[in-house]
1. Residue check: is Asp41 over 14 Å from the mean Cα position of the chain (by Cα), of a type in the set (Asp, Glu) and under 18 Å from Trp111 (Cα atoms)?
2. Kindly evaluate Gln94 against the criterion of being under 14 Å from the mean Cα position of the chain (by Cα) and surrounded by fewer than 19 Cβ atoms within 10 Å (Cβ to Cβ).
3. What are the residues in the range 103-142 that are under 19 Å from Leu15 (Cβ atoms), in a strand (DSSP E or B) and β-branched (Val, Ile, Thr), if any?
4. Can you name the residue in the range 69-95 that is in contact with a Gly (Cβ under 8 Å, 6 or more places away or on another chain) and in a strand (DSSP E or B) and, of all such residues, is farthest from Ser57 (Cα to Cα)?
5. Given (1) among the aliphatic types (A, V, I, L, M); (2) surrounded by fewer than 20 Cβ atoms within 10 Å (Cβ to Cβ); (3) in contact with a Leu (Cβ under 7 Å, 6 or more places away or on another chain), identify the lone condition not met by Leu120.
6. Among Ala34, Ala48, which is in contact with a Leu (Cβ under 6 Å, 6 or more places away or on another chain), open to solvent by 30 Å² or more (accessible area, probe 1.4 Å) and assigned to a loop (DSSP other than H, G, I, E, B)?
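The values are calculated or read from the model by the stated rules, or taken from the named source; none is laboratory data. On a predicted model such as this, the values are computed, not experimentally measured, just so you know. Here the Cβ is made from the backbone with ideal geometry for all residues, glycine too, and neighbour counts use every protein chain on show. The protein model used for the area step is the full one, side chains on, heavy atoms only, and it has no ligands, DNA or RNA in it. Shrake-Rupley method; radii C 1.70, N 1.55, O 1.52, S 1.80 Å.
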Amino acid sequence: MPSAYNKFEAFSEQLIRGIHDVDGHVFKVYLTNATPSASLDAVKADLAEIAAGFGYSAGGGTTTITVSEAAGTTTVQGTQVVFTASGGSIGPFQYAVLYNESTVSDNLVAWFDYGAALTLLDGETLTVKFNNANPGTIFTLV
C-alpha cells in the first residue's frame, strides 16, 4: 500500500492561478522509479516515466475526478487506476504520480510512494486507489 498523498509544491500556486480545472481537465497516473522532489519537480518532464510496454501505456492511466463541497470544505476524489502486466513485466517503479494531462506541460499534482521498487510480473495487477477507496479522496480544501 502506498504512502499518503505527497503534494508537489508548485501545485498549490498553479491551482490558485487557474492552471488546473480540477473537474474539467484530464488527470492521469503514471509510474516512475525516479525519486520525486516536492520543491523541484513541477511538470511531467521533470520526473522520468517508466518505459511503455507489456500492459503499461505511455502517459499512464486516467482517473475520473469528482469535486464536492459541504459546509465550506471541498473534496477532490479520483477513481482507481489499474495497471496489469501482460506478456512481460512492468517496472521497476516505486512511485505513482498524479498529473494534469490537459495542461501544455503536463503539470504535476502529487505522488504516492510504495516504499520500495516494485515489478509487476506477467498477469499481476497494481490498483492505484486514493486513500484506499474507489473513488478515493485525493485532497481537501478547508
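1. So Asp41 does not fit the description; no.
2. So Gln94 does not fit the description; no.
3. Listed by number, the residues that qualify are Val109, Thr137, Ile138, Thr140.
4. So, considering only residues that are in contact with a Gly (Cβ under 8 Å, 6 or more places away or on another chain) and in a strand (DSSP E or B), the one farthest from Ser57 (Cα to Cα) is Gln77.
5. (2)
6. Ala34
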